[in-house]
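Peer 1: Just dropping this structure here.
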Amino acid sequence: MDWHALHPDRVLILDFGSQYTQLIARRVRESHVYCEIHPCTMALEAVLSYRPKGIILSGGPSSVHDAEAPMAPRDLFSMGIPVLGICYGMQLMAHLLGGEVERAQHREYGPALVDVEEPAVLFQDIDPKEVRVWMSHGDRIVALPPGFRILARSANSPVAAMGDLSRKLFGVQFHPEVAHTPCGRTLLDNFLFHVCGCKPTWTMKSFVDSAIAAVRQKVGSDRVLCALSGGVDSSVVAVLLHKAVGDQLQCIFVNNGLLRKGEAETVERVFRDHFEINLVSVNATDLFLSRLKGVTDPEQKRKIIGNLFIEVFEKEAAKLRGTRYLAQGTLYPDVIESVSFKGPSATIKTHHNVGGLPERMKLELIEPLRELFKDEVRQLGRELGLPERIIMRHPFPGPGLAIRIIGEVTPESLRILRHADAIVLEELEAENWYDRVWQAFAVLLPVRSVGVMGDERTYEQVLAIRAVESVDAMTADWARLPYDLLGRLSNRIINEVPGVNRVVYDISSKPPSTIEWE
Ligand code: XMP
């Protein structure tokens, strides 16, 4: 996509390795200004040809005195483009422009109060008394570069914020992008709107039109395939593409028999009946279950399911001649990860179940969400008229219920789990807990326990309930569901689901546990 045309007011974020870089980008986008993260090694010519309205230098773990410290070209600061350096970004600015950065005696980490010396520009509209900020740094600036003034101080940082107003260069020692800096949003807005002169034009409403135009231009009269899973990302891709190229889009939905209750029907109802999208729905339940017979190892299950998905998808796709493109729901965090100056992430996830598909099928990729964060994708889904239930759907793993049945997957274990899982979701929704947790589901354990029902002794399976809170699935905490709700879940499941006579609640956090049990 040609961002020059699509995003006239764009901001460049140069990443120096901070854990908060994505957060800076999200804050900027939340202010409706388009921005992109690029590695700090981006060449000066590339920066110039990107023509940003402003540049933000992220923080980072280095010290400017380290031999290996990531640098930036000095000329970055003399191109007439406003720059805001955050933490390491500010220290680097000071270092390169002739100031003095003192090596850390100790780290300053946590909340701090700053005294604003100059309430104009960056600190405009911020109450100068008691400005609470979040600090996380070692080194500090002890002498300003020529032309700069102190804008704010704190007990530990004689230069908590600095600026050269005529050259529009600014730096802050603290982190305006984190929630622990309550005035951070105003400060960033001051930079974006008053210093850089950006206009808040980045909205999903404006994105829809430009994305549709860009897809149309790329696809022309060719045909596009889309693997629809019913999850948020592929659903948004499908509807967006359908708006762009109508019947040239063909969606394929593979029912692997490992889905939640009613999922296949919902996908057909929403996409085929409501949106009138060309949809082939393949029921491959028997095939998946026969290949999973006797398999108990979790990674083995994943491999079988992933490979079989590709096999089934390819077979269906082969029936559709003349397809040139494959649409995928790649999101911006995946893109950032693969271009990070630290190199692509070392953690290879077996999570990406359609990996390798485009190469094998010789299809070209269309990734209309590659510029978007998850919350933007949800907003886009709303603009496109997708039902809220799909937009706010919990993540669901590609291998589905197979990794929530500990041990062998059989038609009987699927029946039990699907039924219990539906009760969990139903009750959470009824009590308005569904949207308050990241994921909630049931897990069927290969453990039998003794129970008593009426006058009879039972010997049936144990079912675990898992509900977690999280922001990105990297860490998670077990959700403090009310006892009454847990009690109702247990009652209903034991009464209504034959084969289960005991329910337990999982109170483990991630780490050290994971969200899924397998
Ligand atoms: P864990 O269990 O690793 O899960 O804490 C983190 C997130 O990833 C999802 N997950 C998967 N998603 N295929 C997927 O598409 C998989 O094999 C898979 N395993 C875990 C999990 O639901 C959670 O959101």
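The values are calculated or read from the model by the stated rules, or taken from the named source; none is laboratory data. Note that the structure is a prediction, hence the values are computed from the model and not measured. Please note: Cβ atoms are built from the backbone with ideal geometry, for glycine as well, and neighbour counts cover all protein chains shown.
Peer 1: Which of (1) away from the ligand (no atom under 16 Å from the Cβ); (2) outside any loop (DSSP other than H, G, I, E, B); (3) in contact (Cβ under 8 Å) with a residue 24 or more places away in the chain is the odd one out, the single condition Arg269 does not satisfy?
Peer 2: Just one mismatch for Arg269, condition (3).
Peer 1: Of all residues in segment 499-518, which are surrounded by fewer than 18 Cβ atoms within 10 Å (Cβ to Cβ), away from the ligand (no atom under 16 Å from the Cβ) and under 19 Å from Gln439 (Cβ atoms)?
Peer 2: Of everything in segment 499-518, those that are surrounded by fewer than 18 Cβ atoms within 10 Å (Cβ to Cβ), away from the ligand (no atom under 16 Å from the Cβ) and under 19 Å from Gln439 (Cβ atoms) turn out to be Val504, Tyr505.
Peer 1: For segment 472-483, check the following and say yes or no: at least one residue is modelled with pLDDT of 95 or more, away from the ligand (no atom under 16 Å from the Cβ) and in contact with a strand residue (DSSP E or B) (Cβ under 8 Å, 6 or more places away or on another chain).
Peer 2: Yes, there is a match, as at least one residue in segment 472-483 is modelled with pLDDT of 95 or more, away from the ligand (no atom under 16 Å from the Cβ) and in contact with a strand residue (DSSP E or B) (Cβ under 8 Å, 6 or more places away or on another chain).
Peer 1: Quick check on Ile423: is it away from the ligand (no atom under 12 Å from the Cβ), of a type in the set (A, V, I, L, M, F, W, C) and at negative phi?
Peer 2: Yes; evaluated as a whole, the condition is true for this residue.
Peer 1: Could you check, for segment 66-80, whether at least one of its residues is in contact with a Lys or Arg (Cβ under 9 Å, 6 or more places away or on another chain), part of a helix (DSSP H, G or I) and at pLDDT 95 or above?
Peer 2: So far as segment 66-80 goes, yes, one or more of its residues are in contact with a Lys or Arg (Cβ under 9 Å, 6 or more places away or on another chain), part of a helix (DSSP H, G or I) and at pLDDT 95 or above.
Peer 1: Picking from Ser58, Ser18, Ser78, which residue would you name as being buried (at least 20 other Cβ atoms within 10 Å of the Cβ), under 19 Å from Val195 (Cα atoms) and among the hydroxyl-bearing types (Ser, Thr, Tyr)?
Peer 2: Ser58
Peer 1: I've got another one for you. Looking at Glu431, Glu456, Glu496, can you tell me which residue is loosely packed, with under 14 Cβ neighbours inside 10 Å, away from the ligand (no atom under 15 Å from the Cβ) and closer than 26 Å to Arg389 by Cα?
Peer 2: Of the residues listed, the single one that is loosely packed, with under 14 Cβ neighbours inside 10 Å, away from the ligand (no atom under 15 Å from the Cβ) and closer than 26 Å to Arg389 by Cα is Glu496.
Peer 1: From Gly89, Gly17, Gly80, grab the single residue that is more than 24 Å from Pro368 (Cα to Cα) and under 23 Å from the mean Cα position of the chain (by Cα).
Peer 2: Gly17
Peer 1: Oh, and also: Conditions: (1) under 25 Å from the mean Cα position of the chain (by Cα); (2) within 16 Å of the ligand (Cβ to nearest atom). Ala464 meets all but one. Number of the miss?
Peer 2: (1)
Peer 1: Can you list residue pairs whose Cβ atoms sit under 9 Å apart, with the first residue in segment 345-373 being more than 24 Å from Val239 (Cα to Cα) and the second being more than 16 Å from the ligand (Cβ to nearest atom) and at pLDDT 90 or above? Count only pairs 6 or more apart in sequence or on different chains.
Peer 2: Short answer, once both residue conditions are applied: Arg360/Glu314.
Peer 1: Within segment 32-44, which residues are hydroxyl-bearing (Ser, Thr, Tyr) and over 16 Å from Glu371 (Cβ atoms)?
Peer 2: Listed by number, the list holds a single entry, Thr41.
Peer 1: Check segment 205-222 and report whether any residue there is under 19 Å from Arg132 (Cβ atoms), modelled with pLDDT of 95 or more and out of contact with any strand residue (DSSP E or B) (no Cβ under 8 Å at 6 or more places or on another chain).
Peer 2: Within segment 205-222, none of the residues are under 19 Å from Arg132 (Cβ atoms), modelled with pLDDT of 95 or more and out of contact with any strand residue (DSSP E or B) (no Cβ under 8 Å at 6 or more places or on another chain).
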